[in-house]
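Enquirer: Sending over a structure as structure tokens; questions will come in a sec.
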Amino acid sequence: LPLRFDWKEKKFVTQVKNQLSCGACWAFSIVGAVESAYAIKGHSLEELSVQQVIDCSYLDSGCNGGSTVSALHWLNQTQTKLLRASEYTYKVQTGLCHYFRPTEFGVSINGYEAYDFSCCEEEMMNMLINHGPLAVIVDAVSWQDYLGGIIQHHCSSGEANHAVLVTGFDRTGDIPFWIVKNSWGTTWGKDGYVYIKMGENMCGIADVVSFPLM
Amino acid sequence: KVGSKIFQKRYQIFLKSLQRHKHLNTLTTSTNGTVPAYYGVNQFSDLSAEEFSNLYLKSYSTNYTLDKPMKTSTVNNS
């Protein structure tokens with residue numbers, strides 16, 4: 001495994017989004033994973049519709065919360081084609097699920113995988129490299145005040161409340177860390193990203209790890 | 001408006017968040033070559049911890065059987 005790897009540096013990760021006052025981090029996380037997986041498969045990097053997932057994933061509760069794994073399950077089960085974000089725009093609230101006539105463009109998935117890597121973050125690195133960015137759930141209570149640097153304290157495992165996207169890792173320094181894309185805008189954290197210490201399941205980052213198959 | 005009730009309420013929450021930043025920053029450990037996490041004023045500093053949690057921390061792990069396995073793969077299943 002390389003000492004440093006980041007899908008963002010390889011231009012396979014879309015811009016950081018801002019969920020604003022809608023609790024749909026779970027949708028931002030899995031849409032980010034689908035965007036990257038689609039691009040890694042050789043397509044262009046497209047911004048896909050988070051609002052479509054918020055409105056249509058009946059297993060979840062839209063802006064009132066949801067689960068990354070159930071959203072992936074819905075995507076796979078229904079073979080829903082995710083539209084471009086510009087076609088099904090973000091409304092910052094849960095709305096009615098809109099059905100569009102089949103168009104030339106839409107991204108569906110061919111399956112998904114979900115793991116508990118709390119025992120083995122090395123395996124998680126492997127998955128990241130082989131499959132693309134990983135949707136994870138974390139304890140983000142202390143992230144309210146985060147400005148930058150590597151999180152090594154003030155985080156619990158087994159108490160997940162927020163979903164994010166792991167895009168890479170860096171083991172070149174004394175403290176190895178995961179590179180994580182958040183959905184609270186670019187003014188939060190380090191240009192919208194947060195760094196989390198590897199190897200101790202910090203913030204529960206390895207408890208529920210999922211990704212789509214393309 | 002400065003001086004309004006809502007301003008006073010937000011200002012008190014903001015002052016509390018400054019105390020919280022101080023506490024969070026005391027436990028950071030600096031190591032050669034790495035920057036430990038640091039905490040301070042950002043766009044959430046005038047929200048109470050409860051408000052922040054109610055607005056932004058809305059993801060959960062469901063009882064869904066596919067949610068907690070050591071390994072679940074739709075490819076393997078098929």
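Enquirer: Between helix A:25-40 and chain A, what is the angle of the helix's C-alpha long axis to the longest principal axis, kept within 0 to 90° and rounded to the nearest 10?
Expert: 90
Enquirer: Would you mind giving the mean number of other chain beta-carbons within 10 Å of the Cβ of each residue in A:113-124, as a whole number?
Expert: 3
Enquirer: If you don't mind, there's one more thing I want to ask. For a quick check: with amide H placed at 1.01 Å from N, whose amide H comes under 5 Å from A:HIS162's, ignoring anything fewer than 5 positions away on the same chain?
Expert: Here A:VAL138, A:ALA140, B:SER59 satisfy the definition.
Enquirer: Just the projected area, averaged over all directions, of the convex hull on the alpha carbon atoms of segment A:137-205: how many nm²?
Expert: So the Cα hull casts an average projection of 4.1 nm².
Enquirer: Can you run phi through the Karplus equation (6.51, -1.76, 1.60; θ = phi - 60°) for segment A:195-209 and list ³J(HN,Hα) in whole Hz, with x for Gly and Pro?
Expert: For segment A:195-209, the Karplus-derived couplings read 10, 10, 3, 8, x, 10, 6, 4, 6, x, 4, 9, 5, 9, 10 Hz, x marking Gly and Pro.
Enquirer: Using a 10 Å cut-off around each Cβ of peptide A:61-69, what is the average number of partner chain Cβ atoms that fall inside?
Expert: Average per residue, whole number: 4.
Enquirer: So what is the relative contact order for chain A, in percent, with contacts set as C-alpha pairs under 8 Å and at least six apart?
Expert: 28
Enquirer: Please list A:70-83, A:34-47 highest first by mean number of surrounding beta-carbon atoms within 10 Å per residue.
Expert: Descending mean neighbour count gives A:70-83, A:34-47.
Enquirer: Could you list, in their original order, any pairs among A:LYS81/B:LYS58; A:LYS8/B:LYS16; A:LYS91/A:LYS197; A:LYS8/B:LYS22; A:LYS17/B:LYS1; B:LYS1/B:LYS58 whose Cα atoms are separated by more than 28 Å?
Expert: Too far apart for the 28 Å limit: A:LYS8/B:LYS16; A:LYS91/A:LYS197; A:LYS8/B:LYS22; A:LYS17/B:LYS1; B:LYS1/B:LYS58.
Enquirer: What net charge is computed for the residues neighbouring A:PHE5, neighbours being all others with C-beta under 12 Å from the C-beta of A:PHE5, Lys and Arg scored +1, Asp and Glu -1?
Expert: Within the 12 Å Cβ shell, the charges total +1.
Enquirer: Something else now. What ³J(HN,Hα) values, in whole Hz, does the Karplus curve 6.51 cos²θ - 1.76 cosθ + 1.60 give for segment A:7-20 when θ = phi - 60°, with x put for Gly and Pro?
Expert: Calculated HN-Hα couplings, in order: 5, 5, 5, 8, 6, 10, 10, 6, 4, 5, 9, 10, 6, 6 Hz.
Enquirer: OK, next. Suppose only helical runs count, i.e. DSSP H with n ≥ 4. What mean residue ellipticity at 222 nm does that imply for the protein assembly as shown under -39500 (n - 2.57) per run, divided by all residues and rounded to the nearest 500 deg cm²/dmol?
Expert: -8500 deg cm²/dmol
Enquirer: Taking loop as defined by DSSP and a crowding limit of 16 other beta carbons within 10 Å, which trypsin sites (Lys or Arg not before Pro) in segment A:110-214 fit?
Expert: A:ARG171
Enquirer: Compute the Cα gyration tensor for segment A:63-151, then decide on rounded, prolate or oblate, letting a ≥ b ≥ c be the square roots of its eigenvalues: rounded whenever a/c is under 1.5, prolate when a/b is larger than b/c in the other cases, and oblate in all that remain.
Expert: Oblate shape, in that a/c is at least 1.5 and b/c is the bigger or equal ratio.
Enquirer: Within 10 Å of each Cβ in peptide B:38-48, how many partner chain Cβ atoms are there on average? Round it to a whole number, please.
Expert: 4
Enquirer: Which listed residue (A:CYS25, A:LEU1, A:CYS56) has the Cα farthest towards the positive end of the charge dipole for segment A:1-74, taking +1 on Lys and Arg C-beta and -1 on Asp and Glu C-beta about the Cα centre?
Expert: A:LEU1
Enquirer: Show me the ranking of peptides A:198-205, A:118-125 by mean Cβ neighbours inside 10 Å, starting with the highest.
Expert: By packing density, highest mean first, the sequence is A:198-205, A:118-125.
Enquirer: Choose one of A:ALA71, A:MET125, A:VAL13: the residue whose Cα lies farthest towards the positive end of the charge dipole of chain A (beta-carbon charges +1 Lys, Arg; -1 Asp, Glu; about the Cα centre).
Expert: A:VAL13
Enquirer: In addition: Please grab the % of Cα pairs in the protein assembly as shown that end up more than 37 Å from each other.
Expert: Cα-Cα pairs of the protein assembly as shown separated by over 37 Å account for 12 percent.
Enquirer: Let me ask something else. Skipping prolines and chain starts, which residues have an amide H placed within reach, meaning under 5 Å, of the one on A:LEU48, given they are 5 or more residues away or on another chain?
Expert: Those lying under 5 Å, H to H, from A:LEU48 are A:ALA85.
Enquirer: Now for a different question. Report ³J(HN,Hα) in whole Hz for each residue of segment A:41-46, in order, from the Karplus equation J = 6.51 cos²θ - 1.76 cosθ + 1.60 where θ = phi - 60°; Gly and Pro get x.
Expert: 6, x, 8, 6, 6, 10
Enquirer: For segment A:91-157 and segment A:1-65, what is the separation of their C-alpha centers, rounded to whole Å?
Expert: 7
The numbers here are math on the coordinates, done by the rules we state, and not lab data. For clarity, every value in this text was computed on a predicted model and none was experimentally measured. Note: ideal-geometry Cβ built from the backbone for every residue, glycine included; neighbour counts use all protein chains shown.
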